[in-house]
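For reference, the structure is listed below as structure tokens.
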Amino acid sequence: MSTLRIVAGLLLALVLGSGLIVLGGGEVATVYQALLWGAFGNQEGWDAVLIKACPIILTALAVALPLRLGLFNLGGEGQMAMGGLFATLAGLQMEGVHPVLAIGACTLAGALGGACWASIAAAMKVARGVNEVISTLLLNYVAATLLSWAVSGPLMAPGAPYPYSAELPDGTWLPSALPGWSAHAGIWLAIGLAVVFQWVYSQGSIGMSARIVSLSPQAARYAGLSPARQTLATFGVAGACAGLTGAFEVLGVKYQLFQGFMGSFGYDGVIAAMLGAAQPAAAALAGIFLAGLKVGANAMQRATGLPVSLVEALQGLIILCITVSAALPTIRFTWARMGARQTKKGLA
């Protein structure tokens, strides 16, 4: 039923989006055809989709995993920034190192940077009960400031016209996902992690432990589980996923570090995790779908002349409709309780 509600919300959004297209002077069938074909109808489109899907999938995992505990990690942008910074620091020391070792070291450094940054919010949550929504959001600004200081100070390339680091050695660059493609091989790791996490949380004790902690921390303690340990471990893994996002953007797309390289991927990951109902595999599919919207928007603009902002509005409609459709059972339950109370008062 959850899947049906999500599909229903998606279809409703497409219907409402058709109204926006008509108001914008476009033809619905032509616009949607250009949108889909531009993203998924040819190799060039798929290549661009995979480039954008990799960071969205990884940041979606960074949100989805804490959601399994009933916690919100909105710090994907900051954790991504730290991952990129750590990967760059490691990469600049890898001149002449074998590519396998160099890429492995930079990838691990990026994951460590993101994990450490996410662990700050987790530690505050466990030690002092600080709301993780506030702490992860504020840490994004701290990370952005540290990144700005690094690229405009110690890491700034000599003679650079604006703040950015020196280009990383060729041996640290990620290989292509497929021969002749621009997309890097990090997409396969992102998809693989989504599959592994889906299996881990649907099988065995880890998923059951997370469910118990999310439903009742008191019951979890009674059962011998440690909500604090679960929180620290989950945020560490989630931060590592976001850190990998930053590392892969530096190693596979930008090849150097600069301020704001994170784009909007941190918040796109939140959307994908919500669309996937905190299921890692579903969040990965949602990430590919959102990447397709981004890539198809440019193709749609070239083919129809309609602005890219139309797709942004469509994306907002999709989120709104799916959120409302997912909340319908809760709304019906609340109304039923209110009706029962009114009936009870009337009988009294």
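Tabulated data
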{"quantity": "Calculated diffusion of the range 108-223, Stokes-Einstein form, Kirkwood radius summed over Cα pairs, 20 °C and 1.002 mPa s, µm²/s", "calculated": "116"}
{"quantity": "Intensity falloff of the range 131-182 expressed as log10 I(q)/I(0), Debye formula with alpha-carbon point scatterers, at q = 0.20, 0.21 Å⁻¹", "calculated": "-0.80, -0.81"}
{"quantity": "Gain in span if fully extended, L11 to S226, counting 0.36 nm per residue against the direct Cα distance", "calculated": "73.2 nm"}
{"quantity": "Kirkwood Rh and Cα Rg combined as Rg/Rh, the range 40-102", "calculated": "1.12"}
{"quantity": "Value at 222 nm in deg cm²/dmol, rounded to 500, when DSSP H runs of n ≥ 4 in the chain each add -39,500 (n - 2.57)", "calculated": "-25500 deg cm²/dmol"}
{"quantity": "Taking all pairs of distinct alpha-carbon atoms in the range 184-227, Kirkwood radius in angstrom", "calculated": "11.8"}
{"quantity": "Point-to-point label distance, A313-A157, nm (Cα→Cβ direction, 7 Å offset)", "calculated": "4.0"}
{"quantity": "Rg over Rh [alpha-carbon atoms, Kirkwood Rh] for the range 202-324", "calculated": "1.08"}
{"quantity": "Computed E for N42/S176 - FRET, C-beta separation, R0 25 angstrom, nearest 0.05", "calculated": "0.90"}
{"quantity": "Extent along principal axes [Cα atoms of the range 80-159; Å; largest to smallest]", "calculated": "47, 31, 14"}
{"quantity": "All-pairs alpha carbon distance profile, the range 42-195, 5 Å steps from 0, percent", "calculated": "2, 9, 14, 18, 19, 17, 12, 7, 2, 1, 0"}
{"quantity": "Dimensionless Rg over Rh [the chain; C-alpha; Kirkwood]", "calculated": "1.02"}
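Every number in this text was worked out from the coordinates using simple rules, so none of it is lab data. Given the structure is predicted, the values throughout are model-derived calculations rather than measurements. Don't worry about glycine lacking a Cβ; one is built from the backbone with ideal geometry, like all the others, and counts go over all protein chains shown.
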